[in-house]
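Derivation of every value follows stated rules applied to the coordinates shown; laboratory data play no part. Every value quoted in this text rests on a predicted model; they were computed, and no experiment measured them. Note that each Cβ is placed from the backbone with ideal geometry, even for glycine, and that neighbours are counted across all protein chains shown.
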Amino acid sequence: MQLSILPALFIGGEIIDLVRETGLVAQAVLLGLLAFSLVSWAIILSKWALVKRARVQSGRFLRAFRRAQRLQDVATVSDQFRPSPIVGVFQSGFREFERQVGSSGGLRNPLAVQRAMQIAASEEMTRFERNLPWLAITGAVTPFVGLFGTVWGIIDAFHGLGTSGAATLRAVAPGISEALITTAAGLAAAIPAVIAYNLIGGSIRDFAARCDDFSLEMANAVERQPTAARVVEEVRR
């Protein structure tokens, strides 16, 4: 066990030594890439946890919705199924349904209920997509930032080679190896961000489709509700 850790410690020590020997520009680039990476990982972990909870709660809410006989029964327990985006769609549609029933005693405009659910679905997807573009920015920008650090380091290495006059590979290799660290750091920041952006984006698109399907299911449930007099009585109870 201890022997297996030794190579990793050796490699880590070599990388730390190379970072210490880099110039100020390369170190500034590495600090910038570290900031990009920390922010993107914070977004990845928070969004992944949000998507996981939303997926579980969506399944539970749909089972409760399909078992219930009245929308009022679902509305009283809907808050416990957050952060599912389907819950927001249901609550928005139910509020519009309740508003119409309470004011006129009947459902006057079913399309208004559907429009309310469409607006809620859009708001829910906007909530899920908040801060997600940062992952796309990280995936697109950090490789070029790392490349800039590498180019600057190679320029500095060749400038030092010309000053010393020792035109050998042994003289230029350390400077080039130090410069390439920034490219590796840029790729290390970009690759997880790109993978997470696509995976989380796919989950959000799946939620959007499920919200659209639920809007149709909710519209059918609204039309199956009891007569106006009984609905008013249940709402006021």
* Full-extension gain in nm, ARG67 to ARG130, via 0.36 nm per residue minus C-alpha separation -> 19.4 nm
* Near the amide H of ALA68, under 5 Å away, which other amide H atoms are found, from residues 5 or more places off or on another chain, if H is placed in the peptide plane? -> none
* Quick one: if you stick a label point 7 Å off each Cα along the C-beta vector at VAL151 and GLU223, how many nm between them? -> 6.2
* Structure fact -> Cα-based Rg then Dmax for segment 91-137, in Å, read 15.4, 52
